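Some notes on the structure that comes next.
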Ligand SMILES: Cc1cc2nc3c(=O)[nH]c(=O)nc-3n(C[C@H](O)[C@H](O)[C@H](O)COP(=O)(O)OP(=O)(O)OC[C@H]3O[C@@H](n4cnc5c(N)ncnc54)[C@H](O)[C@@H]3O)c2cc1C
């Protein structure tokens, strides 16, 4: 078992750390306050070659792998969880094509995302189908050489400013196995951003409702070339990124702990620095234990994915990493805020923002409850066995 990072991993970590400190850190509070998409982050990530970390070299990515993406996200999320999501999105919006698409689709759809020429989004959730993905109602009807897509997707991260999206739809609304994925250019007739969400945190990446009203795409835009990828398409995509959502939480928690620790060194209370109080020291020790445990799970999960272990038989371990790390992020964000007392509650410090941002992580890409469902199923069917 080797826990050392390779030279390539270290290089990506250092690059992301530099961009995080120079570009993300000074802007994070403003991005949150204005709720504006930080195009400057995007351009900095593009210049540093961080947008195609998990994407194929042939189309302009660096194919450095999931652990590399995890390391980069951890660095930027120390300052802004939206920056972590921006890096994650280039994988979330393309992995369905990476796993199931044709060479032409990889080149035309993934290529521009990997090179930072286009922004993309992943459209799975619907107003009446979130956790219950199999029940989604978006319909794709074959019409000659085209498919005509009709339906509505909600809470889509980066959807309001996407140039292209991958959208899941059924060719037979009564049959979950008819689920397919389609590549849609958002300039097409019938595509509309119906509303943009007003949300609690991660305000740098807009989410919203996307409506597809008889959007006509060529049959060549069905991912993989044939109907009926079924549930394995969204599940493989989500599985391939579960620990990476956890990486957003690990970075956020590290940033929160660091900020609170510096504060506790300076703040005077009961005749000395706050950090001299044992009750406060114990809080920091608890936070560090929690972060280290989560980080180990997240790195292990990322390593598993890099070694091809993200099929249904491995999903529970990826769910363990996602659930533990995202819940850890919430615990640490709360405790770090508490260390600042009243000041922690104020917008003069980043901790109330970390606290709001952390809350998203237990919901997206499979809620904590759904992760537990996956883990408990693995226990009951003995895939996860402690005998
Ligand atoms: C900020 C944000 C960004 C998002 N980005 C995207 C995106 O880019 N693309 C995309 O497709 N989706 C996105 N989502 C949607 C997200 O994946 C869903 O919100 C999530 O899967 C939960 O679905 P739901 O909101 O419909 O809740 P529901 O499925 O209605 O669940 C409601 C509650 O019931 C629980 N629950 C549901 N079923 C079960 C069960 N069987 N057992 C136990 N508990 C259960 C859930 O855990 C939850 O607590 C985003 C959501 C948010 C908030």
request  = Would you mind finding the one in 349, 314 that is farther than 22 Å from residue 71 by Cβ, more than 16 Å from the ligand (Cβ to nearest atom) and surrounded by fewer than 23 Cβ atoms within 10 Å (Cβ to Cβ)?
outcome  = 349
message = For region 137-152: of the residues being touching a helix residue (DSSP H, G or I) at 6+ places or on another chain (Cβ under 7 Å) and either over 17 Å from residue 171 (Cβ atoms) or in a strand (DSSP E or B) (or both), which is farthest from the ligand (Cβ to nearest atom)?
response = 146
key: Boolean, residue 175 is at pLDDT below 95 and more than 13 Å from the ligand (Cβ to nearest atom)   = yes
request  = Filter the helices (runs of 4 or more DSSP H) completely within region 1-116 down to those with at least 3 residues that are touching a strand residue (DSSP E or B) at 6+ places or on another chain (Cβ under 8 Å) and surrounded by 16 or more Cβ atoms within 10 Å (Cβ to Cβ).
outcome  = 81-92, 95-100
Unmet criterion (only one of (1) surrounded by fewer than 23 Cβ atoms within 10 Å (Cβ to Cβ); (2) more than 26 Å from residue 183 (Cβ to Cβ)) for residue 197 = (2)
query = Which one of these does residue 375 not meet: (1) surrounded by fewer than 22 Cβ atoms within 10 Å (Cβ to Cβ); (2) in a helix (DSSP H, G or I); (3) out of contact with any helix residue (DSSP H, G or I) (no Cβ under 6 Å at 6 or more places or on another chain)?
reply = (3)
inquiry  = Against the condition modelled with pLDDT under 95, more than 16 Å from the ligand (Cβ to nearest atom) and either assigned by TED's automatic domain parsing to the domain that holds residue 144 or surrounded by fewer than 18 Cβ atoms within 10 Å (Cβ to Cβ) (or both), how does residue 189 come out, does it pass?
reply    = no
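The values are calculated or read from the model by the stated rules, or taken from the named source; none is laboratory data. Just so we're clear, the structure is a prediction, and the values are computed from it rather than from any experiment. FYI the Cβ positions are ideal-geometry reconstructions off the backbone, even for glycines, and counts take in every protein chain you see.
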